[in-house]
Every structure is written in structure tokens, then in C-alpha cells.
Amino acid sequence: MKTERKITNKGNLENCAGKIPVNTFVRPKILHLTLKKKWFDLIASGSKKQEFRECKEYWISRLFTSEAISKNHTKYHSREYDEIYFKNGYGPNVPFMRVEYVDSFFCPLEYAQGEHGEDIRCDQIIINLGDVLEVRA
């Protein structure tokens, strides 16, 4: 035998309308990236403040929004992310860290070598990193 549940206190929701937002949780925008151990450890220690990715359609679509200016020219704007989730490897139990996302931009011609000796081609994207928020081994 089924019993029906009556919703009591229904009027309270109507009385609060406009005062308290119903859905106050805003999901943070997260960029997920995987790193080799060397780069993961340097970022986790706080000494590496930039991450580099090849300038390919895959990364452009993940890191930028585009605006067509004319038939042959497109203007790119950095996407807004709140944090970057870095993993060192693949699988469920790999080292993980959360880092603040600052912005990303296309590598200008004057860049030649990164602060930790990594080669930077002028067709790369630079992701600026903020503070390390959490590290799990």
C-alpha cells in the first residue's frame, strides 16, 4: 500500500522568492591538464609559473574563444578558467594538484627559452599560473 507524502511548508518558498537565490552554487571552471613528473614537481614547488602547449587547433579550442574579424583574420580571447587541475600520469591514484589559472596567450617572437631551460617555439601557447592551492601525492 502506497502512502502519499504531502509537502508542507510550501508557502515558505513563495515568501522567500526574490530574497534568496534558489541555486547559489556556481560550478568553478576547471582546465584539466596532464604533466610529466619533472614539470609537475616544478609547478608544485612554486618555482614554475608558466605551462606551455603546442599551438594546435586542439589547444586553441580549449584555451581561447574566437571572434571572426574578417574573412581571413580571427581574433582570439583567453577563456576564463578558475583553476587548473594537474595530474602526473593517468589513472585513479596519480599525484594531483590544483593551481590558480591567470590567463593564456600566444607566444611572442622574443621568447626563446623558458625559465627552466625548456625550449619554447614561437608557435606555442603560454599558460600563466597563479598560486598552488592543493597538492596530493
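What follows is calculated from the coordinates using simple rules that are stated; it is not laboratory data. From a predicted model like this one, the values you see are computed outputs, not experimental measurements. Quick reminder, even Gly has a Cβ in these numbers, built from the backbone with ideal geometry, and neighbours come from all protein chains shown.
If I model a spin label as a point 7 Å beyond the Cα along the Cα-Cβ vector, how far apart are those points for GLU100 and GLU67 in nm?
2.6
Please compute the modelled spin-label separation between SER45 and ARG79, points set 7 Å along Cα→Cβ, answer in nm with one decimal.
3.1
When the chain is fully extended, how far beyond the present Cα-Cα distance does GLU54 get from VAL26, taking 0.36 nm per residue of separation?
Stretched fully, the GLU54-VAL26 segment lengthens by 7.0 nm.
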